[in-house]
1. Let me have the 222 nm mean residue ellipticity of the chain computed from DSSP H runs of 4+ only, each contributing -39500 (n - 2.57), with the sum over all residues rounded to the nearest 500.
2. So, R0 is 22 Å and r is the distance between the beta-carbons of Asp12 and Ala136; what FRET efficiency does that work out to, to 0.05?
3. Could you give P(r) for the chain, binned at 10 Å from zero, as whole percent values over all Cα-Cα pairs?
4. For segment 206-252, treating each Cα as an identical point scatterer without solvent, what Debye log10 I(q)/I(0) comes out at q = 0.14, 0.17 1/Å?
5. In percent, what relative contact order does the chain have, based on Cα pairs under 8 Å that are 6 or more apart in sequence?
6. Alpha carbons only, please: Rg and Dmax for segment 51-142, in angstrom.
7. Once Rh for segment 67-218 is found with the Kirkwood sum over Cα pairs, what is the Stokes-Einstein diffusion coefficient at 25 °C and 0.890 mPa s, in µm²/s?
8. Apply the Kirkwood formula to segment 1-85: the hydrodynamic radius equals the inverse of the mean of 1/r over all pairs of different alpha-carbon atoms; give it in Å with one decimal.
Amino acid sequence: MPPHPDPWRAIDRQPEPALYVRMMESRGQTPTQARLRRRFLRFCRIRSGFDVIEVGSGSGVVARDLAALVGPRGHVTGVDKSRVLLAAARRGAREAGLGRRLTFRHGDAARLPLATARFDGAVAVTVLLHVSRPQAMLREMVRVTRPGGVVALQDQDFGTQVLDHPDRALTRRIFEGVAARMYPEPFSGRTLVRRLVELGLERVRLLADVYQVRSLDPFTHNLLRRRADLATRFGLIGAGAAARWIAAIEQAEARGHFVFTFNYYGAAGLKPRA
Ligand SMILES: C[S@@+](CC[C@H](N)C(=O)[O-])C[C@H]1O[C@@H](n2cnc3c(N)ncnc32)[C@H](O)[C@@H]1O
């Protein structure tokens, strides 16, 4: 069977897994991304002293922020399928002086290697979109959370990418065509509230946020170049059109009018006590 087109399903099988460590760290440092991640974590109402699990913890960007939120009396367990990302996350935790508050474990989101009702909260940031069994992942997040604890997710929604580009038809073909081939549910963000309600969580809340950029920071530049490459690889456009699309984006930035926005949705609910 050919490999799934979404590399996040199997980072350790990619030709250069370290590239994805750099991508996550670069995203984590991008100011608009850092702002929307921290706003989401405040929205989750993770308290000092909480014992929290982060599912799909990647290179540890979110886990390090969570460790700051739970403080020295709390603890964060990151679980990920990629051993390369887990190693980077352990290194990052040590370098940040957070080694004692953070543990990283190998595991599949659909079968978490952790006891039932163990955590005060379960969090996943831009993971549900990428996993092969999203419902199983959600059920597992609820299972490992104690009654009264919080289950919270943040995800992108690929129906909301907006780019001010002179060729709108080409932009639509690239964005919509690539997302449809990469993800079983490209509109994941807008489904989060419904999914948590249907799982029986209580007091489900919504946070909509926008990743907005006016300059081609390394993360955004890479994201748009990857979209053009994938559109070519999927046969949606030719190499010439991909190059023209990127050139127009770079020209817009050089002229000071580059605009790209992309919605992120957060949802949080409480596991029933009964
Ligand atoms: C886009 S990254 C997000 C990483 C991190 N949450 C962040 O926001 O920086 C998606 C993560 O999900 C992990 N992942 C994908 N499928 C998984 C699965 N079935 N079980 C556990 N982790 C998985 C990937 O290895 C990757 O680390």
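1. Calculated from helices alone, the mean residue ellipticity at 222 nm is -13500 deg cm²/dmol.
2. 0.60
3. Pairs per bin, as whole percents: 7, 29, 36, 21, 7, 1, 0.
4. Computed log10 I(q)/I(0) values: -0.41, -0.56.
5. 20
6. Using the Cα atoms of segment 51-142, the pair Rg, Dmax is 12.1, 35 Å.
7. D = 139 µm²/s.
8. Working: mean 1/r = 0.0714 Å⁻¹.
Answer for segment 1-85: a Kirkwood hydrodynamic radius of 14.0 Å.
None of the figures in this text is laboratory data; all of them are computed from the coordinates on show. Not measured: the values here are computed from a predicted model. Neighbour counts run over all protein chains shown; Cβ positions are idealised from the backbone, glycine included.
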